[in-house]
1. Show me the helices (runs of 4 or more DSSP H) found entirely inside region 1-105 where at least 1 residues are hydrophobic (A, V, I, L, M, F, W, C) and within 23 Å of residue 157 (Cβ to Cβ).
2. Can you tell me which residue is nearest to the chain's Cα centre (by Cα) among those in region 107-147 that are small (Gly, Ala, Ser) and open to solvent by 20 Å² or more (accessible area, probe 1.4 Å)?
3. Among 310, 241, 272, which is the only one that is of a type in the set (Val, Ile, Thr), under 22 Å from residue 127 (Cβ atoms), assigned to a helix (DSSP H, G or I) and at pLDDT 95 or above?
4. Of all the residues that make up region 11-28, how many are exposed (fewer than 15 other Cβ atoms within 10 Å of the Cβ) and either hydrophobic (A, V, I, L, M, F, W, C) or within 19 Å of residue 67 (Cβ to Cβ) (or both)?
5. Just the residues that are at pLDDT 90 or above, assigned to a loop (DSSP other than H, G, I, E, B) and open to solvent by 40 Å² or more (accessible area, probe 1.4 Å), please, taken from region 318-346.
6. Which residue is modelled with the highest pLDDT, if the candidates are limited to region 144-164 and must be in a loop (DSSP other than H, G, I, E, B) and aliphatic (A, V, I, L, M)?
7. Being out of contact with any Asp or Glu (no Cβ under 9 Å at 6 or more places or on another chain) and charged (D, E, K, R) is the requirement here; does residue 297 meet it?
Amino acid sequence: MIIPLAKKMEPKTLDDVLGQENLTGKGKVLRNMVKFNHPFSFILHGMPGTGKTSIANALAHDLNMKVKIINATDSSKKDLDIAREEAKMYDGMILIIDEIHRFNKDKQDILLPMIENGLIVLIGMTTENPYHSINPAIRSRCEIFEVEPLSEKDIVKGLKNACKRELTDIKINDKSLKLIAKISGNDLRSAYNLLEIAYMQKENHEVNEDIIKTINNKPVFFSDKSGDGHYNVMSALQKSIRGSDVDAALHYTARLLTEGDLKTLERRLSVIAYEDIGMANPDIGVRLDAAINAAERVGLPEAIIPFGEIVCEMALSPKSNSSYLGINAAIDDINKGNVGEVPRHIVKGSPDYKYPHDYPNDYVYQQYLPDKIKNVKYYTPKSNGYEINYKEVYERLEKIKESHLKH
């Protein structure tokens, strides 16, 4: 059996993990878990190739616990039942679940009692945002850690280790190693695969930049000196649309499309639609969903057509962040404890509740906020685009409220 280089280079312990100093460095949370032998359940989320699986396996090794690994894409309830029985047999074990976001709610619920009674230590891994894709009941029982993209320096270090350990007769210079790191787009697994293929191109195993470019001619723009290139492109895309620069918005969209990263583009555009355009053009979310559906239906390369159109529309659309600021202000109040009791007249079944539809124009003033914050203002309307219509309604209702309070 031929074992790929990427498999051979998988870390055995936390000491072998590249990057991720925020989690595995001295005095950091996962390092302390091993130091004090106190395992707990957690979820790792991050882009492909950043080392989620490596961290999980290395941690399990260092904790010296029984481990079972399953992938949610092809696992059934029966697999979870088997895992539960094995955990009982071994008096506890680490259960590593890759792509955990693919478990439906029923399967995720099966894990709850096993986590609660300590039968398993769950290490979940996902490329999706766990706050959107993971059952809240699971999230409340697990810590959530983000695995950051590896820097170019980290990837070059991994490639050099591979040359010393496995490809001992390879002839390659630092410039070629850096090119592989750049082309890999912060994906260490991809970098190992490219190095291995390049190694096999000549009998003397000499690898140069021309050979690397022949194997992979993907444009190089995903990494930068700090290793944040991918995230910088997403940030630049949002700022370009927010700043109504349609040409720049198309440029950064093209970068993500050339990379083939439709999911990242879809998520980022969805955020922009509601954070930066919002009430000024409330139909933009529906139009974006239509563009995403069309793009996924036709796939690349044709997907560039609906994305090109919607990005132009978003960049040239009127902008408003009033709803974004409003919900953040409300959440900030919650976090500060500014809550208060729900007014008695709007609790369920209250006889004092005034049903708005029984009144002229389907409106009647009554207090909805708790007494503690009854005069708070979260939403401040703007006059951009369609929001001017909502502003007129808001101001009219405020006048009715003020008039009522005066009397």
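1. On the way: elements: 5-8, 21-24, 29-35, 52-63, 77-89.
Result: 5-8, 21-24, 29-35, 52-63.
2. Here the answer is 133.
3. Going through 310, 241, 272 in turn, the sole match is 272.
4. Count: 3.
5. Correct list: 318, 321, 341, 342.
6. Going through the qualifying residues, I end up with 147.
7. yes
Yes/no per residue for (1) over 21 Å from residue 304 (Cβ atoms); (2) modelled with pLDDT of 95 or more:
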| residue | (1), (2) |
| --- | --- |
| 185 | no, no |
| 192 | yes, no |
| 195 | yes, no |
| 200 | yes, no |
| 207 | yes, no |
| 215 | yes, no |
| 218 | no, no |
| 252 | no, no |
| 288 | no, yes |
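The values are calculated or read from the model by the stated rules, or taken from the named source; none is laboratory data. Computed from a predicted model, the values in this text were never measured in an experiment. Don't worry about glycine lacking a Cβ; one is built from the backbone with ideal geometry, like all the others, and counts go over all protein chains shown. Just the protein is used for accessible areas: all its heavy atoms, side chains included, with ligands, DNA and RNA removed. Shrake-Rupley method; radii C 1.70, N 1.55, O 1.52, S 1.80 Å.
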